[in-house]
Every structure is written in structure tokens, then in C-alpha cells.
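Presented below is the structure to which this report refers.
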Amino acid sequence: MRRRDFVQVSLAVAAHAVLQMPAAQAAVPSRRIPYGSAVRGDALVDDYDYRTALAEHCQLVVPEGGLKWEVVRPSEDRFDFYEGDKLLAFADQNGMKMRGHTLIWHGAMPGWTSSIHGAKAAEKAMSKHIHTVVGQYKGRIPSWDVINEAIADDPRGSDHLRPNLWFENMGKGYIETAFRRASEADPQVQLVINEYDIECVGETYKNRRNALLRVVRDLRDRGAPIHAVGFQGHLKGQYEIDKEGVSSFVAELKAMDVDVLVTELDVIDNLLPADEKERDQVIAGRVTDLLQAISDANPPTAILTWGITDRYTWVPMWFTRDDGRLNRPLPLDRDYKAKPMMDAIKRFAARA
Ligand code: 9MR
């Protein structure tokens, strides 16, 4: 059997099995905030417990990598929707919705894109990509991260945008163009600008919120179709949440009729205490503080964590602990047991 056929068969079997489980049939109360997780395509196929946990806890999924350029665009002329379709099938079979991540980002770009030069060529490549990818899932993906991580790491003055292929070739207008192309491809979809390091106390976090606000205000003033800001929420556990800063940021967005959602929540715990109980409490506290600060101004339209189990997380790629203990950034532990972080999210989602 070809791998692709094998995968399809096993997914069909798996999805069927999962659907038999009572938890998977739990109806979503209409006024709760949907909770979801980023999903790895390989684990979805290989790990039954992973599928079960997703079906039990999530109303939403988003591919962790499956819709990035490096996966979807193996070459200039080819589009590969295998990973996106696979996750969407799983979502459909389990009564979940799927978000799209991400259309325009500096990361995960295939090598061939470095030969894109000049404003015209860049705009053409961007339009083709967004029209095709958003068009492919028209009416089936209700929310897209159109722009990911556009703000400079340490924004100052007019240098507030991160250099990337699009900025270098098209100037700052690349952001507006991307939103317009996405809206053309599916006028019903929630269009999101997604950003990290906007949650905590500190000058850089504050400057990043202000820079992002400036970008959103500019888009609004120009009548561009932007609907929400995504708080990625890769929280550094050692820092407090800037509750006032976050609330007033969300209030300013609300005044512009721009919603918020939490798109990639996890708590980076390399500098937190070794004791697991203590660590889990700090993590749940940070999550509660963030969700509370946002909701004080405007409840998020969704809450997604960047993975559901400590078994599959990007965090140790960058933030391993010096004491050799494993990271615990996500709502379920490595054995799929819920931690206080999951309780914090669920309490919150139900309260909306
Ligand atoms: O978690 C993702 C990791 O597995 C990938 O290798 C990486 C590059 O594609 O992207 C990670 O996800 C990032 C997300 O797309 C954007 N925000 C930061 C996430 C963590 O690095």
C-alpha cells in the first residue's frame, strides 16, 4: 500500500474508533469559548491516544505545520494540500472546526522563494498563494492567520516591522495586500494578524503591543478587512502577565471593532521551579492571568494551545531545562493526564 493510502485508511479507522467514544460526542454548549489545539500530522496518524485526547477536549484544531509554505508549496507550481486535508477530515469526523495557520510568515519558507525579487513578482506570488490556499478551503476554514509575526523583535520608532521577503520587496503595504487577497478568496472568513511577546510585563512587550496597535489602526483607517488579533501566548513562565497593559490593548482593539483570540498558548517553563506540582501551579496561574486580562476588556473568540500534550511540543527545541527535567508547557502531561493548566482553560471557556 502506498503511504498515502495507508494513512487514509488508518485515519478513517481511527476517526471511526474515536467517534465511538462518549467524550467525542460531547455537545459544545453554545455560549462557551471554543478550545482547541495545534496538531502534528505524523502524531495524528501514529498515536491513538493523541487522537482520543484531541477528540475529547477540543472543539477546534489548527495544523502546527501542515499549512505552512514549506509544506504546501514544494515548488512554485505545486500546491500540496495533503496535510491540510488530513486534519480537516479528522476535524469533520469529530465535529470540530479547523483554523488556518499561516499565509504570510518569515519562517518555514521553501528555498525556491528566495528567487522572488521585485514588487511585482512578490505581489504576484503572494496573490497566487493566498487566493489558492484560502480558496481551497473556502467555507470550510472559518478563521485564518493571514499575517504571522510582522512586528520587529524590538520595535523602535518607524522601524517597527520585521524584515521579510514581502516587506523587502513590497514595503509595509504587504500587510494590507495580504488581508485584501484573503478576503477576496473567502469573504466570510475571520482574518487574523497573529503576534507573540505581547502579553508580559516589560518595555519590549509594551513596545510590541503599541507597534501592533499602530499596524492594526493603519489597516482599519485604510478600510482593510482585518477582524482579529491573535495573542500567540507563548508565555515565558518567569514573567508576570501585564494585566493592565493587555486589558487596555484589547479595549483599544475593541473600540476599532477588532476581536481577539488566543492562538498558540503554552508556558515556557525552563526557568520555573523543578518541583512539578509547584511548576504546574505557576503555569496555570499565568494562563488564568492572561485569559482574565483579555476577557476583562473583550472575551477571546477562541482559545488554542500550541499542542495538547507535553509529549509533542516545540518548547524543548529552544528552552530545555538545565536540570535535565522535561518541559511541561501544555494542558495534558505526557500520559495525557490533565494538569491544572487544562482546568484553568476549561473553567474559563465555560464561563464566557
Ligand atoms: O511548533 C512549530 C514547530 O514544530 C516548527 O518547527 C516551527 C517552524 O515551522 O514552527 C513552530 O510553530 C511556530 C508557529 O508557527 C508560529 N509561532 C511560533 C511557533 C513556535 O515556534
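The values are calculated or read from the model by the stated rules, or taken from the named source; none is laboratory data. Keep in mind the model is a prediction, meaning the values are calculated, not measured. Note that we place each Cβ from the backbone using ideal geometry, even for glycine, and neighbour counts take in every protein chain shown. Surface areas here come from the heavy atoms of the whole protein model, side chains and all, with no ligands, DNA or RNA. Shrake-Rupley method; radii C 1.70, N 1.55, O 1.52, S 1.80 Å.
Total residues in the stretch 54-87 satisfying the condition of being aliphatic (A, V, I, L, M) and either away from the ligand (no atom under 13 Å from the Cβ) or open to solvent by 20 Å² or more (accessible area, probe 1.4 Å) (or both): the figure is 6.
Among the residues of the stretch 177-212, those identified as of a type outside the set (Val, Ile, Thr), part of a strand (DSSP E or B) and either under 17 Å from the mean Cα position of the chain (by Cα) or at pLDDT below 95 (or both) are GLN190, LEU191, ASN194, GLU195.
Pairs linking a residue in the stretch 108-130 that is exposed (fewer than 12 other Cβ atoms within 10 Å of the Cβ) to a residue that is assigned to a helix (DSSP H, G or I), with Cβ atoms under 7 Å and 6 or more positions apart or on different chains, are HIS117/ASN169; GLY118/ASN169. Search the stretch 296-352 for residues being more than 30 Å from ALA251 (Cα to Cα) and aromatic (Phe, Trp, Tyr), and hand back the single one that is most open to solvent (accessible area, probe 1.4 Å). Of everything passing the filter in the stretch 296-352, TRP318 is most open to solvent (accessible area, probe 1.4 Å). Contact map, the stretch 306-335: residues that are among the small types (Gly, Ala, Ser) paired with residues that are more than 11 Å from the ligand (Cβ to nearest atom) and assigned to a loop (DSSP other than H, G, I, E, B), Cβ distance under 7 Å, separation 6+ or inter-chain. Pairs shown: GLY307/LEU330.
The number of residues in the stretch 271-310 being closer than 13 Å to GLY237 by Cα and not in a helix (DSSP H, G or I) comes to 4.
There is no residue in the stretch 325-340 that is more than 18 Å from the chain's Cα centre (by Cα), more than 18 Å from VAL61 (Cα to Cα) and of a type in the set (Phe, Trp, Tyr). Counting the residues of the stretch 178-203 that are within 16 Å of the ligand (Cβ to nearest atom), in contact with a Ser or Thr (Cβ under 8 Å, 6 or more places away or on another chain) and closer than 15 Å to ALA228 by Cα gives 2.
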